[in-house]
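Accompanying notes for the structure given below.
Read-outs: derived from the displayed coordinates by stated rules, not from any lab. In this text the structure is predicted, and so the values were computed from the model without any measurement. Please note: Cβ atoms are built from the backbone with ideal geometry, for glycine as well, and neighbour counts cover all protein chains shown.
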Amino acid sequence: MRILHLLNHTRRLNGHVHAAVDLACEQAERGHQVAIASQGGDFDALLRSNNVETIFAGHERSPKRLLQSVIGCGDVIRRWRPDIVHAHMMTSAVLAWPACKLLRVPLVTTVHNEFERGAILMGLGTRVIAVSAAVAASMRRRGISASRIDVVLNGTIGSARVRGRSEEPQGLDHPAVVFVGGLHPRKGVPDLLQAFAMAFPHNPAMRLYIVGGGPHQGAYAEEARALPCASAITFAGPRDDPYRWMLGADIFVLPSHADPAPLVLSEAREAGCAIIATDVDGIPELLDGGSAGILVPPRAPDKIAEALITLTADPAQLSAWRAKSQVNVDHLRIARVAEQTLAVYRRAAGVAQ
């Protein structure tokens, strides 16, 4: 099958770019002819080394450039002659739709960030992939027919993007509590800071490591400095090796207010962390409904604190939850994602299963 993925860019530190890169490389490894058309970025060399062709396609959305982008995207589709076009961002879906209609090429879209106002535009696809059942439900509420929606839960274990990474755990003080993610409001980092401050008096040996960058990094660091436990909190900033921090962690915490299907949870489970995460969006699905990690309500620092106290006070509980994170973890492998996505392509093309 000839598969053309469309993205605004291929830069790092963007979850849906990571998911698209992982999928494209896995599809190429399975013998399909695969290309990614985008404005380029950090992953282009990795893509080419995994037999994924990279093509430049402008994704300008300004009124003066939009028509030019539509024409350019159409030219890519006409020249490359894909069997399937797979758009991962709203701009990509809009740019590809006219050419796909004209050339009768099935357009598949993946809804990665359903909380964005414009996510309804992903309904332009012949078929619409939701990265969790929670995302699928949200898109149905927005008016997209259930008959056109397929759920393919995110997973990244075994992907080309993570092969060759260091498996040496980061040296951390224990018990080590780690967060990895972007530092912006929907990730709930202030809740984690409050929770840690509540739990810290119960075990002053515990340490919190915040791994990641973002527009609110300075504000969150200032908030941490005002806490009595400030000396136990480290802001590590954005890292190229976040998996090493998860390998070094005892507990991984994801306090998100909204998170469609965060890839970081498959990495935290692969690393063998005990996991505490909020019961929102696709998070419960990635934690097997709470059997692979402790689920707490969003915006409830006291509940995160209770879980931290339980895990750090009782080594048996910590060991048990670390073991639970490994049960059924193979479901989060990229191989399963690729198989299910190819089945969606066949449905989009009208090929019998």
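Summary of the geometry: region 71-100 and region 27-55, compared by the centres of their Cα atoms, lie 16 Å apart. Each residue in Lys101, Lys187, Lys324, Lys64 was given a count of other beta-carbon atoms within 10 angstrom of its own, and listing them fewest first yields Lys64, Lys101, Lys324, Lys187. Summed over all non-identical Cα pairs, the Kirkwood treatment of region 135-246 gives a radius of 16.6 Å.
The convex hull built on the alpha-carbon positions of region 24-170 has an orientation-averaged projected area of 10.6 nm². With bins 10 Å wide beginning at 0, the percent of Cα pairs of region 176-330 falling in each bin runs 12, 46, 37, 5, 0. Once C-alpha pairs closer than 8 Å and six or more residues apart are averaged by separation and normalised to the residue number of the chain, the relative contact order reads 16 percent. Sites listed here are GluC sites (Glu not before Pro) in region 109-177 whose DSSP assignment is loop and whose Cβ has at most 12 other Cβ atoms within 10 Å: Glu167. Seen from every direction in turn and averaged, the convex hull around the alpha carbons of region 131-171 projects onto 4.8 nm². Each of Leu121, Leu247 was scored by other Cβ atoms within 10 Å of its Cβ. Arranged with the fewest first, they read Leu121, Leu247. Placing a label point 7 Å from the Cα of Ala205 along the Cα-to-Cβ direction, the residues of region 239-260 whose backbone N falls under 18 Å from that point are 248-252.
Each Lys and Arg adds +1 at its Cβ and each Asp and Glu adds -1 at its Cβ; summed about the Cα centre, the chain shows a dipole of about 1540 debye.
Among the chymotrypsin sites (Phe, Trp or Tyr not before Pro) found in region 113-203, those both in a DSSP coil and sparsely packed, with 15 or fewer other Cβ atoms within 10 Å of their Cβ, are Phe115.
With neighbours defined as other Cβ atoms within 10 Å of a residue's Cβ, the residues Phe56, Phe235, Phe43, Phe200 order from fewest to most as Phe56, Phe235, Phe200, Phe43. Model label sites at Arg225 and Leu66, defined 7 Å from Cα along the beta-carbon direction, differ in position by 4.4 nm. Per-residue ellipticity at 222 nm, computed for the chain from helices alone with -39500 (n - 2.57) per DSSP H run of at least four residues, works out to -12000 deg cm²/dmol.
Which value in Å does the Kirkwood hydrodynamic radius of region 87-174 take, with 1/r averaged over all unlike C-alpha pairs and then inverted? The answer is 14.8 Å. Between Glu167 and Arg11, the simple label model (points 7 Å from Cα in the Cβ direction) yields a spacing of 3.3 nm.
Just to confirm the number: angle between the C-alpha axis of helix 334-348 and the first principal axis of the chain, 0 to 90 degrees, nearest 10? Helix 334-348 and the main axis of the chain meet at about 30 degrees. Would you mind checking the tilt of helix 90-103 against the longest principal axis of the Cα atoms of the chain, expressed as 0 to 90 degrees and rounded to 10? So the helix axis and the longest Cα principal axis differ by about 20 degrees.
Simple rule: put +1 on each Lys or Arg Cβ and -1 on each Asp or Glu Cβ in the chain, find the dipole, and look at Phe252, Met139, Ser92; the Cα lying farthest toward the positive end is Ser92.
Computed from backbone phi, the HN-Hα couplings of region 3-17 come to 10, 10, 8, 10, 9, 4, 7, 10, 7, 6, 6, 9, x, 6, 5 Hz, rounded to whole numbers (Karplus: 6.51 cos²θ - 1.76 cosθ + 1.60, θ = phi - 60°; Gly and Pro given as x).
Here the chain is treated as a Stokes sphere of Kirkwood radius computed over C-alpha pairs; at 25 °C and 0.890 mPa s its diffusion coefficient rounds to 117 µm²/s.
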